[in-house]
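Taking it in order: structure first as structure tokens, then the write-up.
Derivation of every value follows stated rules applied to the coordinates shown; laboratory data play no part. Fair warning: this is a prediction, and the values are worked out from it, not measured in the lab. Because the Cβ atoms are built from the backbone with ideal geometry, glycine has one as well, and the counts that use them run over all protein chains shown.
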Amino acid sequence: MLDQTPKEIAVRTGICVNPLKTCQPVGALYAALGVQKCLPHSHGSQGCVSYHRTFLTRHFKEPAVASSSSFTEGASVFGGGANLKQSVKNIFDVYDPDVIAVHTTCLSETIGDDLNAFIQELDIPDGKLVVHCNTPSYVGSHVTGFGQMVAGFIKYLAQKSEPVNKIGVFPGFVNPGDIRELKRLFGLMGVTATILPDTSESLDNPMTGTYQMFPEGGTSIEEIRSLGSVKRALALGPVASKEPALVLKSKCGVETDLMVLPMGLARVDAFIMKLKEISGAPVPQELELERGRLLDLMLDANQYFHQKKVAIFGDPDTVTGLTAMALELGLAPKYVATGTPGEAFVTEVNGLLDQYEAKNGTRVKASADLFELHQWIKNEPVDLLLGTSYGKQIAKAEDIPLVRAGFPILDRYGHAHHPLIGYAGTRRLAELILGALMDRYDRDCADEDLDVVM
Ligand code: SF4
């Protein structure tokens, strides 16, 4: 399918080919689905929200519900205030959520709809809420859109009152399986936390035979309010979580530790030490053993990882975590790319490469696209692709194994249940990488070298 990608790299400034990101509302919609009895609402045309819902449904294999202001030509010319008013009335009448989380789209941003003013003029039923965030898609990516929606909830709902004995956590753009793993780690470390958003029960549902438009899980309104009174907060993944951390600080004075996602041995260690500092509890033996098992795997299989060239691509917070982990395993990151803009990504990855003295012509790029990544690979191949489902066309064209990690994974099932974070997540990913490398060796080796014991 991508066999015609040229090897020669021409300078491109005005066009993105095969993007490595999607639009801000996708992230905003995902964040809102992690709030209890919340209906995400897309202020734009139906086409946008159809795409956003489809994208999320394909990744999570769960229905991603959302409504739309259903712009037509009239709203595009005269503004979407009337559409929002009618939508909010219909949504509360028909679906009865506790809160509607409105995000904007390219169209409503371009015509200049003032959501702050529109929401003030709405007739909102008693006990119900409407919050919003601005998510034009010509800036940022789905990751920044996620952060904007979380910040929107804080802006509207967090309140400073009597101190509560817990911490707040912004988990970053991660899977429901990661959030469940975070909760487990908090439990083991004696930390009581409110996580915003919490998609572990809302987008990872068991089959019960009964459809629930609003699943039981998600962060409740009361919990979001209480985030203004927590003793401190943790913001995981700087690109996704910096914005809500800043808003929480400026609105309620809550201090936040901005941390990387706890992926890879050293980063999980730092995270566990932070939890130890917060709770004062010792690290339980269960975690010591998990760490030991991860180390054991890394040592046992080191010869298969050693200096295998890898291309890593996807969302910035995830990709920096994957790069840290790849370096610990002994892999050689050759290309590290994200579609989300922001030079902090490049600085962080270069810092990791320096730390491991692994900068052997490694290309690191933000605002990258998959066409360019493919061209790099055509010029100097790698042994492994580590990233999203969109790498599969490159994998096929160049006959390189792909290990799927990050967002989106559209062509596999069950992945969102498993964490990438923590010792357990790192160990599982290491095992997936190892399996891919060893399968490839078995496929390509001479018959006399094919051994059932490796
Ligand atoms: S028009 Fe903008 S908001 Fe709508 S789907 Fe396209 S990029 Fe996303």
If each of residue 295 and residue 76 carries a label point 7 Å out from its Cα toward its Cβ, how far apart are those two points in nm?
6.1
Taking 306, 43, 418, 374 and counting other beta carbon atoms within 10 angstrom, the fewest-first order is 306, 418, 374, 43
Would you list, by chain and number, the lysines whose Cα falls below 19 Å from the Cα of residue 160, excluding same-chain residues fewer than 8 positions away?
231, 249, 251
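Would you please put 226-233, 215-222 in order of how densely packed they are, using the mean number of other Cβ atoms within 10 angstrom per residue and starting with the highest?
Values: 226-233: 20.1, 215-222: 17.9.
Final packing ranking: 226-233, 215-222.
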Any idea how far the Cα center of segment 328-373 sits from the one of segment 438-454, in Å?
31
Which lysines have a Cα lying under 25 Å from the Cα of residue 378, excluding residues fewer than 8 positions away in the same chain?
7, 21, 308, 309, 334, 359, 365, 392, 396
Between the Cα axis of helix 46-60 and the main Cα principal axis of the chain, the angle (0 to 90°, nearest 10) is 40
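For the chain, what is the calculated [θ] at 222 nm in deg cm²/dmol (nearest 500), taking -39500 (n - 2.57) for each run of four or more DSSP H residues and dividing by its residue count?
On the way: 18 runs with 207 residues, N = 454.
Taking each H run of at least 4 residues, the total per residue is -14000 deg cm²/dmol.
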Dipole of the chain (Lys/Arg Cβ +1, Asp/Glu Cβ -1, origin at the Cα centre): which of 210, 414, 381 lies farthest to the positive side?
210
How do 345-351, 35-41, 328-334 rank on mean C-beta neighbours within 10 Å, highest first?
35-41, 328-334, 345-351
Can you run phi through the Karplus equation (6.51, -1.76, 1.60; θ = phi - 60°) for segment 264-278 and list ³J(HN,Hα) in whole Hz, with x for Gly and Pro?
x, 4, 5, 6, 5, 3, 4, 5, 5, 5, 5, 5, 5, 4, 6
Residues with amide H under 5 Å from that of residue 220, placed H, sequence gap 5 or more:
36
Taking the Cα atoms of segment 192-259 alone, what are Rg (to one decimal) and Dmax (as a whole number) in Å?
14.4, 45
³J(HN,Hα) across segment 84-89 via Karplus (A = 6.51, B = -1.76, C = 1.60, θ = phi - 60°), whole Hz, x for Gly/Pro?
5, 4, 5, 4, 4, 4
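Place the peptides 272-285, 198-211, 424-437, 139-152 in order of packing, highest mean first, counting for every residue the other Cβ atoms within 10 Å and averaging per peptide. Working shown, then result.
Values: 272-285: 14.0, 198-211: 15.9, 424-437: 20.1, 139-152: 27.0.
Per-residue mean Cβ counts within 10 Å order the peptides as 139-152, 424-437, 198-211, 272-285.
Taking a ≥ b ≥ c as the square roots of the Cα gyration tensor eigenvalues, with a/c under 1.5 meaning rounded and otherwise prolate when a/b beats b/c, else oblate, which class fits segment 24-157?
Because its axes are fairly even, with a/c under 1.5, segment 24-157 counts as rounded.
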Let me know the Kirkwood hydrodynamic radius for the chain, please, with Cα pairs as the basis and the value in Å to one decimal.
22.9
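Is segment 285-449 best put as rounded, prolate or oblate by its Cα gyration tensor, with a ≥ b ≥ c the root eigenvalues, rounded for a/c under 1.5, and otherwise prolate when a/b is larger than b/c, oblate when not? Walk me through the numbers on the way to the answer.
On the way: a/c = 1.36, a/b = 1.11, b/c = 1.22.
Cα axes put segment 285-449 in the rounded bin.
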Classified through the alpha carbon gyration tensor (a ≥ b ≥ c as square roots of its eigenvalues; rounded if a/c is under 1.5, else prolate when a/b is larger than b/c, else oblate), segment 170-313 comes out prolate
